[in-house]
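The values are calculated or read from the model by the stated rules, or taken from the named source; none is laboratory data. Keep in mind it's a predicted model, so treat the numbers as computed, not measured. Note that each Cβ is placed from the backbone with ideal geometry, even for glycine, and that neighbours are counted across all protein chains shown.
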């Protein structure tokens, strides 16, 4: 048997997830902020209005299409250093560098050369991201073979991703500091972005030198042609169930995440910045529930916990849709002057502030479950396939899931934006449109429950555990 990964090396490997959160966060969170400027930002207009969203949408489609190709190359690799690590080593620096260079178009004003520059750099970023992330996620699936320890590993992985996603919200503070020191706005942004790109590059490259892949993974090359491998992957009933459920669930999350700021200001009438408080509460409470998630998985398995999380989401989203009677039931009095009132804004109602805080608290545990359990379940299925067929196609299992979900996200993002403006006459989101996003999210998660109900978690886990026990016995 191969070596078992120690907890310390697990944490080192999970640094790649921190890098993924940081670099992906710079693209998702700050490209629109940097290129869709407002008068108060002090930034020059570098692209035509709305162009960045269009370019990003095209980039996501390109990203989805290249996933199976890179997965096939990684699965077929015969490198003595492993099938995944060489890709990670070569892609880590281009991954971070291309992310940063998106923010350095050559012209200081709107120009065709800027559009071409950003388009090329976005494609380079998505290509480098695929070259790093698909092998990296495949390595995650292969390197931990014990089903219970795998849940613990994905708990650490989720923690790193959450921390990376949270850290990037410090970027505007850094920008303010640089501007206070006398920097022009555009260079203040670029300096802060460069710091995070360097952090991302370092965290991406460390796992590729920390882990000697051949010590932990058998890594038998798979010579199955790309299309046949993709088709074979989708032939598994459990994989189809999890993928469809995951797709619908992510669509629901897209509606919730895309409209979160508007739940706070448009529905509850609080300052937009109060969303940061809600996010912080959900992160802190969510991390505190990680040990509970691990304990419950050992007792009940992944499927019951995943279904419970989705049911919780349905009630939370319906609570947002019916926010007014809930907030009024809590209190109809203005909030007393103090820290919370300063953050929530003048005239904020106690019931609305309490409802916002409740969103952060209630969503924390289901977020912990849905961050940990689906990746662990997909890894189980990749191992199940490896045992059954003798073919190591972990890369293709990653790519097949990513291909479906990325294409859906590209379409859902546009639908979310359109839904929030339903009935608008002044180019601003409407209360009815914002409420509708919560209702659609609830419907999506209800549908995901129906799909996940057909997933047979116990059969897969029992088969893997039995195989692992036989391998351990034969090695003694």
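For every residue, the table says whether it meets (1) assigned to a loop (DSSP other than H, G, I, E, B); (2) on the phi < 0 side of the Ramachandran plot; (3) crowded, with 17+ Cβ neighbours inside 10 Å; (4) touching a strand residue (DSSP E or B) at 6+ places or on another chain (Cβ under 8 Å).
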{"position": "5", "(1), (2), (3), (4)": "yes, yes, yes, no"}
{"position": "17", "(1), (2), (3), (4)": "no, yes, yes, no"}
{"position": "75", "(1), (2), (3), (4)": "no, yes, yes, no"}
{"position": "80", "(1), (2), (3), (4)": "yes, yes, no, no"}
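So, residue 127, is that one free of Cβ contacts under 8 Å to residues at least 40 places away in the same chain and surrounded by 18 or more Cβ atoms within 10 Å (Cβ to Cβ) or not? It would help to see each step written out before you state the result.
On the way: free of Cβ contacts under 8 Å to residues at least 40 places away in the same chain: no; surrounded by 18 or more Cβ atoms within 10 Å (Cβ to Cβ): yes.
No: the conditions fail for residue 127.
Would you please name the residue that is surrounded by the fewest Cβ atoms within 10 Å (Cβ to Cβ), looking only at residues in the stretch 328-349 that are without any contact (Cβ under 8 Å) to a residue 40 or more places away in the chain and assigned to a helix (DSSP H, G or I)? Spell out how you get there, then give the answer.
We begin by selecting, within the stretch 328-349, every residue without any contact (Cβ under 8 Å) to a residue 40 or more places away in the chain; these are 328-342, 346.
Now drop any that are not assigned to a helix (DSSP H, G or I), which leaves 328-330, 339-342.
Details: 328: 13, 329: 11, 330: 16, 339: 7, 340: 18, 341: 16, 342: 12.
The residue in question is 339.
Residue by residue, here is whether (1) surrounded by fewer than 16 Cβ atoms within 10 Å (Cβ to Cβ); (2) in contact with a strand residue (DSSP E or B) (Cβ under 6 Å, 6 or more places away or on another chain); (3) under 30 Å from residue 366 (Cβ atoms) holds:
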position: 113; (1), (2), (3): yes, no, no
position: 138; (1), (2), (3): no, no, yes
position: 152; (1), (2), (3): no, no, yes
position: 157; (1), (2), (3): no, no, yes
position: 167; (1), (2), (3): yes, no, yes
position: 171; (1), (2), (3): no, no, yes
position: 181; (1), (2), (3): yes, no, no
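Within the stretch 460-476, track down each residue that is free of Cβ contacts under 8 Å to residues at least 60 places away in the same chain and either surrounded by 13 or more Cβ atoms within 10 Å (Cβ to Cβ) or under 23 Å from residue 308 (Cβ atoms) (or both).
If we filter the stretch 460-476 for residues that are free of Cβ contacts under 8 Å to residues at least 60 places away in the same chain, which is where we start, we get 462, 466, 469-470, 473-474, 476.
The one that is free of Cβ contacts under 8 Å to residues at least 60 places away in the same chain and either surrounded by 13 or more Cβ atoms within 10 Å (Cβ to Cβ) or under 23 Å from residue 308 (Cβ atoms) (or both): 462.
I'm checking my understanding of the structure. Among residues of the stretch 280-302 that are surrounded by fewer than 20 Cβ atoms within 10 Å (Cβ to Cβ) and closer than 24 Å to residue 248 by Cβ, which one is nearest to the chain's Cα centre (by Cα)?
This residue is 289.
Sort through 255, 196, 209, 262 and tell me the only one that's in contact with a helix residue (DSSP H, G or I) (Cβ under 8 Å, 6 or more places away or on another chain), modelled with pLDDT of 80 or more and crowded, with 17+ Cβ neighbours inside 10 Å.
Numbers: 255 fails: modelled with pLDDT of 80 or more; 209 fails: crowded, with 17+ Cβ neighbours inside 10 Å; 262 fails: modelled with pLDDT of 80 or more.
Exactly one of 255, 196, 209, 262 is in contact with a helix residue (DSSP H, G or I) (Cβ under 8 Å, 6 or more places away or on another chain), modelled with pLDDT of 80 or more and crowded, with 17+ Cβ neighbours inside 10 Å, namely 196.
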